[in-house]
Each structure stands twice: as structure tokens, then as C-alpha cells.
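Following: one structure in C-alpha cells, then a few remarks.
The values are calculated or read from the model by the stated rules, or taken from the named source; none is laboratory data. These figures come from a predicted structure and were not determined experimentally. Don't worry about glycine lacking a Cβ; one is built from the backbone with ideal geometry, like all the others, and counts go over all protein chains shown.
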Amino acid sequence: MPRILDEINSPADLKGLTPPELKQLAEELRQELIATVTANGGHLASNLGVVELTIALHRIFNSPKDKLVWDVGHQSYVHKLLTGRRERFNTLRQFGGISGFTSRNESEHDPFGAGHASTSISAALGMAVARDLAGEDYQVVSVIGDGAIMAGMAFEALNHAGHLGNKIIVVLNANGMSISPTVGAFAKLLNKVRFDHRYSEAKEISKQIITTLPLGTSVWDLSQQLKNRVKGFILPTMLWEELGFAYIGPIDGHNLHDLETALSQARDYHLRPTLVHVVTTKGKGYAPAENNAVYFHGIPAQCDGSKDTPTYSQIFARTIQHLAQENPKLVVITPAMPEGNSLSAIQAEFPQRVFDVGICEPHAVTFAAGLATQGFLPVVAIYSTFLQRSFDQVIHDVCLQKLPVVFAIDRGGIVGDDGKTHQGIFDFSYLSLIPNLIVAAPRDENELQHLLFTAVKSGQPMAVRYPRGCGTGVALDEELREIPLGKGELLKAGSDVTVLAIGATVAPALAAAEELAAAGINAGVVNARFVKPLDIELIVTLAKQTGRIVTVEENTLNGGFGTSVVSLLQKENIAGVQVMTLGIPDEFVEQGTQAILRAKYNLDADGIARQVMTMFPEHAASSPDTAVIIRT
């Protein structure tokens, strides 16, 4: 039997389908999601939960004329399948394939690119205002989850939208989850809808009153008042009304008829912004995902090495758990990422000292600063790409006051198939420019635990940045030790060139040195450890000895580790040193496996060796663009 999905090449193809055909299409979409995402990795549970909602949106609205703005974009896979990307769906999150998020470069049906949470209402409002200023006529819809809507940015947009009054539709998809279960007072309020049977009972009572009593204006008004009072007691309708929104809901997010009815009402209502409250089940239709929505939110990439090799995230958590056992003042803060940061065991042992603040990164940092003022030792466990959202708080609330906050920065460097919105390639640059902040990166998982111990003991702001995925498999020291701040480590002496590597680039730099030795080049390798402060004595000494310096980092070259080394050599008046900086050029890094991307940017062993050889005339005719000569 041919699949209905194979005949859907644009949203227009949905318009004439019958209810039985729509039901079959929903099943086919779920099968396609499960088959592709389990093979490629990616966000499964969130997409399974919005199958019917996506179908309904595309049947009621007319994309691309009407603008559908998906918050985060991680739940847009069904949208992609229905908007002309079905034949390329097997390339999802692959190098050169389609993105795991919305992308303006990918399709006219993606009016706004995303990857980070809580941006959709602001973007949708901007589009709606642009529409009205231009005198045009189209609908603008924001689809946002109950995790993302709790962020400050979303509330700022709701407040502004209610004030302006421009016609937009906000679809609130309430499933009780972000990546992890939603937290906070507002989440509890929304969850009343999901779990309180009184609302459905109240609707039935109201219906009975309306149908049994004599018809008349007074009886109708009375019945509506009764219904609304019970509804208002249970539901958070007053909040939306006070913000200036008309409220529709809650709607069963898996009932196509009810969804289309509600969305049609919102489409045709023009007096003010409208919020459509939809209740869905994350992982709907796939029992493993329904039963474990946290794991199936995003199926993780597997480690390249042994399955017994722990990830950097796990080593971080083990170390912090040990330190928390020794120090009752140590607390851990994470913005909606307890599982991603492997914090479950610490939460279980110290439930009062682990704080999931929700998708509120700026709050997480200033909350940590407040704790630090009162003698506590906060560890902010956060992904590199999300720490960007709290840049001002790191400067103003932590470093300006020199408060002892530890930033444990997961997913630093190239993260792989999550793509350009999630690559952690900017943190060396934006952190190293901040006064009072120490910035470090371990060469392996063993050094990670020592640097975390050092950060906790330092008594000042310190960031420890580590990569995504498995460690190198090295043995772990039983005793933790402090590493002298700003001191690197000479791993291999060399007479021809010195490679200064930082973080995850140390291992390939050592391997590159072996390749270079086979070619007759004696390369030294330094584990720099610290981006700030630099080991001035070690770097200057080696620069004078070899006359050639190569820096290697998984970070943008603009303002990164290499830039700091070049500035240091200039400041120290080290003349005639040839310097090559290897890292990420001035561009966003697309999706692909970490191995593919590291090879693309010459950050694997072969690439590093190849680039170093260009510094020697007998091995190459010319030097790469990244090589510079330091002169005084």
C-alpha cells in the first residue's frame, strides 16, 4: 500500500485529506521519525509529540505566506517532512545534510532560524509588526513549549506583544518537559491543566446546565459564568488575559479536529494577540519515548571508543559529587540541563544543593553570584553555547565583584551534528577578555578532575571548559591535586618547532608530532592548560629556542588562544618568531561528526602535521594564510 507521506510535497497537499487519511499520515510520520532519528541521532520525543499539531498548523495556515516560527526548532522535523524536505530527510544532522533545527537558508518555510530556546515570540512579534507597517496580510504563529516559555526573554516578548496589540498567535505546547521535566512555579501552574480532572468535569457540568435548563439570555450567561469561574479556578487563564492575550484552551494536542477548530478560531480573531494552549504527550506513539522522554528527547551520539570510557560530563559529575561530600557549602546550578550535565547522582545525594533553574541562563549566573556573596561555592554547570546567553552576568555580577563562582563549561569546542547553533567555539574568546576570570581547558578527563578541584580551591572566578563526548580513556588519579594557575606543561621537547595545544587539541598535537618526526621535523608539544593567564615564562622560552610557534585550539581564531599568544610575544618583544595559529576561521561551523569537522579545519593529527610542515621550505612551497611573523 503506497504511503500517503510519499505524496506530500508541500503543505497544500494536506488540505484535501480525509480524517482517515490524516490518521494514517500521522502514523507514517511517526514511523519515519523513529526510523531516521534512531539511525542519525537527534530529537525524537519532542517531534513525536507534535505530529498532529504540525499537521493541523499546516492545514489551517498557508506556509510560507503565513509564518510558522518554531521555538528552538528541535521539534520541527515533522514540519520539514511536510514542507518539501522529505526526500532529503535521511540526511538529517549529517555533514552536508539538512539541519536538526529550523534554518532560513534551508527552506522558505523556515521564516526564522533557531537552536536556542525562547526566541520565537520575539521573532514572531517582529514579523507581525513588520507586516502591519508594510500594510500586508498574513498570519504569524509562534509555537513554544512550556519549558521555553518560562524564560525571561519569552515573558519580555509576551509583555511587549500584549502592550502593542498586534495580531499574533502563540501556540503553547504544554507537555511538562523541556529537555528535563519543567521546573518552577509557573510549570506547576501549567501542569494543573495536564493532571487535574476537574476541568473536564467542569466542562461536562456546564454542558448539562446549558442543555437541560430553559434557553434564555440569563440562563446562558449564568451557565457561562459558572463554567468560566470553575475554569478560572483551575487554569492559568487570568495570566494571559492580564498580559493582553485572548486565551483558547486547553486543547488535546493529539485530536486533529479539536486542534483545527481552535487554530481556526485564533486565525479569525483580530482584536488582540491570541494564545492557544495545547496539551501533548512527549514521545507520543512510541512507548520507549513516552516512558523515558528525557533520554529520547535527544538520542545521544555514541562514543567512538570503548563503551566503558566515561564521558567528560560524567567525570565532571563524579568529581563535583566528591567535592560536595567534602564541602557542605558547594552547590550546583544548571539551566534545565541536569541530565545533559550528568547531575542525577548529585541530585539524589544532595537534593537541596542542586538547583535546576529552568531555561534561564542569565538568572543562573546571577543566582550563583548571590550565593557566592554569602559564603557558598556555586558551580554553574552549563553548555558553552548556552553560557553565551549570560555574558553580561558573567562580567557584571561575577567577575566585576571577583566572586568565587566556578563555570563548568560542557560541550566546549566542536560538538558535531547539532550544528552551527550549538558549536562551542566562541568561549575562549568571549571569556578571556573578562578581567578577574581564569579560563582553563584540560587535555583529558584526568586533568579535568584536577582543574575542577583547582577551580573550587581558587577562591576566585574560574571557567573550566571541556569537550562533548567520551574521554581519552586515560587512568584517573585517585587523589585530586591543585594545578598552579597559569602554568602549562611541556609534554615533548622539540628543537624545530613548538606546538602549543589547549584542551582537546593536545592529543592530536602529540600524534602530529610523531608524524612530523617521521618527516625529520622535531616538534615540541605543550599542554597549555590555561587560556588566561598564559604561561608567559614557558611560551617565551620555547619561542626563543625554536623560533617557530604553532597554536592549536577548537575555538574561533578571532580573539582566541592563538591571538593571546601572538599578543604576548609582541608585548615581550620576541623578534623574528614565526607563528601559525590553527583553529576555526571567521565562520559558523555547520553540522557533521566531530571527526569530520576536526579534519575539515585541520584540527586532527594529520591536519596539524600537514600545516606545520608548511613552515619548512623543504616540505612545502608556501605557508598557509594563518601563519604570521612576529617582528619588533
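Some observations on this one:
- Only one entry in Thr505, Thr472 is modelled with pLDDT of 95 or more and not assigned by TED's automatic domain parsing to the domain that holds Leu452, namely Thr505.
- Looking across the stretch 471-519, the residues that are closer than 23 Å to Gly607 by Cα and charged (D, E, K, R) come down to Glu489, Lys492, Asp496, Glu514, Glu515.
- Single residue of the stretch 243-287 satisfying the filter (part of a helix (DSSP H, G or I) and touching a residue at least 40 places away in the same chain (Cβ under 8 Å)) that is nearest to Asp132 (Cα to Cα): Arg267
- Candidate set from the stretch 515-560 (those that are more than 28 Å from Asn436 (Cβ to Cβ) and in contact (Cβ under 8 Å) with a residue 60 or more places away in the chain); member that is surrounded by the fewest Cβ atoms within 10 Å (Cβ to Cβ): Ala519
- Filter pass, Gly503 being under 26 Å from the mean Cα position of the chain (by Cα) and within 24 Å of Cys399 (Cα to Cα): yes
- When the stretch 159-173 is filtered for residues that are farther than 15 Å from Asp146 by Cα, hydrophobic (A, V, I, L, M, F, W, C) and buried (at least 17 other Cβ atoms within 10 Å of the Cβ), the ones remaining, listed by number, are Ala161, Ile168, Ile169.
- Matching helices (runs of 4 or more DSSP H) fully within the stretch 37-135 where at least 2 residues are under 25 Å from His163 (Cα atoms): 120-134
- Of the strands (runs of 3 or more DSSP E) that lie entirely inside the stretch 465-561, those containing 3 or more residues that are polar (S, T, N, Q) span 548-556.
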